[in-house]
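Heads up: the structure comes next, in structure tokens.
The values are calculated or read from the model by the stated rules, or taken from the named source; none is laboratory data. Just so you know, these numbers come straight off a predicted model, no measurement behind them. Cβ coordinates were reconstructed from backbone atoms using ideal geometry, including for glycine residues, and neighbour counts include every protein chain displayed. For accessibility, only protein heavy atoms count, side chains too; no ligands or nucleic acids. Shrake-Rupley method; radii C 1.70, N 1.55, O 1.52, S 1.80 Å.
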Amino acid sequence: MTEFESGLPSIRQLQSFIQNKKEVEIKLLTQDQDIMVGKMLWQDQNCVCLQNQDQQSVLIWWQSIAYIKLKL
């Protein structure tokens, strides 16, 4: 992402995950296919901050994300 456009549907959906404190699953583009689970705290044009199940905040760069979805 080069510019943060809050009017985009994808950005609005991520903002709703943050506002509603929904638990999400983030799949990373790594060789071991990591999946991280937690609540998104915030997002900007470079990364997203995920609070994992151990209450630790983890910064994840957009370039490393395959997908973000609600945890069911």
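Structure notes:
- Amide H to amide H distances under 5 Å link Asp34 with Leu28, where only residues 5 or more positions off or on other chains count and H is placed in the peptide plane.
- Carbon/sulfur fraction of accessible area - the chain, other protein chains in place, 1.4 Å, %: 47
- Protein-only accessible surface order, largest first, of Leu72, Leu29, Leu41 at 1.4 Å: Leu72, Leu29, Leu41
- Cleavage-rule hits (chymotrypsin sites (Phe, Trp or Tyr not before Pro)) in the chain: DSSP loop, at most 12 neighbouring Cβ within 10 angstrom: Phe4
- Our coupling estimate for segment 6-18, obtained by passing each phi through the Karplus curve with A = 6.51, B = -1.76, C = 1.60 and θ = phi - 60°, is 5, x, 5, x, 5, 5, 4, 5, 4, 5, 5, 4, 5 Hz, Gly and Pro reported as x.
- Order of exposure, largest accessible area first, which applies to Glu25, Glu5 with probe 1.4 Å: Glu5, Glu25
- Contact order relative to length of the chain, as percent, for alpha carbon pairs under 8 angstrom and 6 or more apart: 30
- The residues of the chain expose on average 69 square angstrom of accessible surface per residue, using a 1.4 Å probe on protein heavy atoms.
- Overall, the chain carries a charge dipole of about 300 debye about its Cα centre when +1 sits on the Cβ of Lys and Arg and -1 on the Cβ of Asp and Glu, all other atoms neutral.
- The trypsin sites (Lys or Arg not before Pro) of the chain that DSSP puts in a loop, and whose beta carbon has at most 10 other beta carbons within 10 Å, are Lys21.
- The chain - Kirkwood radius from inverse mean 1/r over Cα pairs (Å): 12.3
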